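Read-outs throughout are calculated quantities, based only on the coordinates presented, and are distinct from any laboratory measurement. Everything quoted here is computed from the prediction, not taken from an experiment. Cβ sites come from the backbone with ideal geometry, for glycine too, and all protein chains shown count toward neighbours.
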Amino acid sequence: MAEEKLTLIVTRQDSPESPEYEETFKVSYRKNMNIISALMETQKNPVNAKGESVAPIQWESNCLEEVCGACSMVINGEPRQACSTLVDKLEQPIRVAPMATFPVVRDLVVDRSRMFDSLKKVKAWVPIDGTHDIGPGPRMPEKKRQWAYELSKCMTCGVCLEACPNVNSSTDFIGPAALSQVRLFNSHPTGEMNKSERLEALMDDGGISGCGNSQNCVQVCPKGIPLTTSIAALNRDTNIQSFKNFFGSDHAY
Amino acid sequence: MENREFFYRRLHSLLGVVPIGIFLIQHLVVNHFAVYGPESFNRAAQFMHDLPFRLMLEILIIFLPIIFHAVLGVYIVFVAKNNVSRYGFFRNWLFYLQRITGIITLVFIVWHVWETRVQIGMGTEELNYGLMENILANPVMFWFYVIGVVSTTFHFANGLWSFLVSWGVTVTPRSQKIATYATLLVFLAVTYIGIRALFAFV
Ligand code: HEM
Ligand code: SF4
Ligand code: FES
């Protein structure tokens, strides 16, 4: 019996500056294959559908269980994680392309630095380091912890930025992911102590005011993070912060 | 200027409702007097015309806010990269329509102000029922006005929805859903008032 073959059409690019092109591959099918295993098949013997020997396809992946975000790519037009995308659930031929929001490094490898820079800009952490032990922080109600856990699932995958009409090369909008992280760290009992710094970062150019409420982000986030709820809540918080900054306040920490 | 974007965007959002949205409702309600006959319309229009400090009110409540909202609005329209063909979600469509109706509304307002307020100001036309009757007697113009009014009322009502988000009034998905229905009612009501007035002139 003839071996079953998958058709994989990959959008490739040899270097950050070179033009992109499409290349078709035939991949031997195995049951329960995901996109990563299909790509791995092409690496074993990098020959395209025309029978030409080509450079092996490059991509990124780490966890293989949809928690690191590294393998995000556009699969049949939809940005998602290659590791958790099963071939059996896709229409053929399968098209894979790098996300358009980020600069391509090579083939399917993109540079998500802007997202990590955004996290630095909004101080998406709880500062506790200092010269002396500051002791244990306040406790967090269990219900709140469970709620915050959902926000903490963000893996900086970039899917929400890819789907956002306001994240593109004409704007410097920071995007939904970093906004929601501000909500997470501002809700933390210790993180809360630096609340205004994070809010002020969101009031800079390219901050929260870049959101135009298309609400695509919340529809596409693979982790089901309530991004638009976070954004609306932060709209409220930044507005209040801006009034405090303008009029002065005894509670402007 | 550095870091003025937040302020300008919040101002843009506020101006869309206060005063522009308020003015829109007032304007359509005054026009609606045409339904009760030419004298009724003329009386209502004359009342607005005779308000004290009229020019000042027009500049501060109408012209400057609309110019600011429109200029920043056009900029906002052109930096978005609409993607409804890939992400055909309800809210994404409304996001797209908000931008399309913004542009239609701009064209409509410029035309409408030119052939009414500017002509009246230059003394070439008089403010009365007959002015609108003449304009709307032309079927092309009539439909241009219908599209212009619906576009404006849609833009206002959907804008009210996003105003509530921008100001952090509706935060949860449920409150935003209720606001969707509420602003739909606003759209239907304001459109009814506006369109009914147009039909009163033909
Ligand atoms: C009668 C005239 C108008 C009214 C009553 C009106 C009202 C509004 C309102 C209430 C909003 C919501 C603000 C928010 O998102 O918080 C809005 C948004 C918007 N308006 Fe207008 N507007 C008018 C004319 C225009 C014009 C002429 C343009 C220019 C093309 C325009 C472009 C926009 C855009 C692009 C938005 C979306 C802003 C965003 O999502 O951040 N509008 N408008
Ligand atoms: S919020 Fe969701 S879609 Fe956006 S980066 Fe985080 S996990 Fe990915
Ligand atoms: S490899 Fe980590 S999310 Fe896919």
Practice problem: Give a residue-ordered list of calculated ³J(HN,Hα) values for region A:53-69 (Karplus: 6.51 cos²θ - 1.76 cosθ + 1.60, θ = phi - 60°; whole Hz; x for Gly, Pro). | Solution: 6, 10, 5, x, 5, 9, 8, 10, 6, 9, 6, 6, 9, 6, 10, 9, x
Quiz item: So, counting K/R as plus one and D/E as minus one, what does the shell of residues with Cβ under 12 Å around B:Phe6 add up to?
Solution: -2
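Determine the shielding of peptide A:214-224 by partner chains: average, over its residues, the number of Cβ atoms on other chains within 10 angstrom of each Cβ. Could the numbers behind the result be given before it?
On the way: counts 14, 10, 9, 1, 3, 5, 2, 0, 0, 0, 0.
Mean partner-chain Cβ count within 10 Å for A:214-224: 4.
Averaged over B:80-92, how many beta carbons belonging to a partner chain fall within 10 Å of each residue's beta carbon? Please report the intermediate quantities before stating the final value.
Details: counts 10, 10, 3, 7, 3, 1, 8, 13, 1, 7, 2, 7, 8.
Rounded to a whole number, the mean comes out at 6.
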Quiz item: Around B:Gly168, which amide H atoms from residues at least 5 apart in sequence, or from another chain, sit under 5 Å from its own amide H, with H modelled in the peptide plane?
Solution: A:Arg236
Exercise. Would you pull out the residues with amide H under 5 Å of A:Arg12's amide H, same chain only if 5 or more places away, H placed 1.01 Å from N?
Key: A:Tyr21, A:Glu22, A:Glu23
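Divide the volume of the convex hull of the Cα atoms of chain A by its number of residues and quote the answer in cubic angstrom per residue. Don't skip to the answer; put the middle values down first.
Numbers: hull volume 42.1 nm³, N = 253.
Roughly 166 Å³ of hull volume per residue.
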Exercise. Take every residue in peptide A:199-210, count the Cβ atoms of other chains within 10 Å of its Cβ, and give the average of those counts.
Key: 4
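Quick check for me: using +1 on Lys/Arg Cβ and -1 on Asp/Glu Cβ, what's the dipole size of the protein assembly as shown about its Cα centre, in debye to the nearest 20? Walk me through the intermediate numbers first.
Numbers: 40 positive and 40 negative charges, 215 e Å.
So the dipole magnitude of the protein assembly as shown works out to roughly 1040 debye.
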Self-check item: Order of B:Thr116, A:Thr156, B:Thr152 under a 10 Å beta carbon neighbour criterion, fewest first
Solution: B:Thr116, A:Thr156, B:Thr152
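Output the peptides B:11-18, B:171-178, A:205-212 sorted from most to least packed, where packing is the average of other Cβ atoms within 10 Å over each peptide's residues.
A:205-212, B:11-18, B:171-178
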Quiz item: If R0 is 22 Å, what FRET efficiency do you get for A:Ser37 and A:Ser113 from their C-beta distance, rounded to 0.05?
Solution: 0.20
Practice problem: Write out the chymotrypsin sites (Phe, Trp or Tyr not before Pro) in region B:1-106 meeting two conditions: DSSP loop, and at most 14 other Cβ atoms within 10 Å of their Cβ. | Solution: B:Phe53
Quiz item: Amide H to amide H, which residues 5 or more places from A:Ser28 or on other chains are under 5 Å from it, using H placed in the peptide plane?
Solution: A:Leu6
Quiz item: So which DSSP H runs in chain B come out at 15 Å plus along the axis (Cα) with average Kyte-Doolittle of at least -1.0?
Solution: B:5-17, B:20-31, B:38-49, B:64-79, B:90-113, B:139-166, B:173-200
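Give the calculated FRET efficiency between A:Lys244 and A:Lys120 to the nearest 0.05, with a Förster radius of 25 Å applied to their Cβ-Cβ distance.
Values: r = 24 Å, r/R0 = 0.97.
Approximately 0.55, to the nearest 0.05.
Within a Cβ distance under 14 Å of B:Glu58, other residues only, what is the Lys/Arg minus Asp/Glu net charge? Don't jump to the answer; show the numbers that get you there.
On the way: positive: B:Arg54, B:Arg117; negative: B:Asp50.
So the surrounding residues net to +1.
How would the protein assembly as shown be classified by its alpha-carbon gyration tensor: rounded, prolate or oblate, with rounded meaning a/c under 1.5 and the a/b versus b/c comparison settling the rest? Don't skip to the answer; put the middle values down first.
On the way: a/c = 2.78, a/b = 1.62, b/c = 1.72.
It is oblate, given that a/c is not under 1.5 and a/b is not larger than b/c.
I need the calculated FRET efficiency for the pair A:Glu22 and B:Phe89, taking r as the beta carbon distance and R₀ as 41 Å, to the nearest 0.05. Write down the numbers at each step before the final one.
Working: r = 28 Å, r/R0 = 0.67.
With a Förster radius of 41 Å, E is 0.90.
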Quiz item: Of A:Gly130, A:Ser118, A:Ala178, which is farthest on the positive side of the dipole of region A:104-180, counting Cα position, with +1 on Lys and Arg Cβ, -1 on Asp and Glu Cβ, and the Cα centre as origin?
Solution: A:Gly130
Quiz item: So in chain A, what percent of DSSP beta bridges are antiparallel if you round to the nearest 5?
Solution: 85
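Which percentage, to the nearest 5, of the DSSP beta bridges contained in region A:1-145 is antiparallel?
Numbers: 19 of 22 bridges.
In region A:1-145, DSSP labels about 85 percent of beta bridges as antiparallel.
Checking the a/c ratio against 1.5 first, then a/b against b/c, what shape does the Cα gyration tensor give for region B:4-200?
Values: a/c = 1.84, a/b = 1.65, b/c = 1.12.
Prolate is the answer for region B:4-200, as a/c is 1.5 or above and a/b outweighs b/c.
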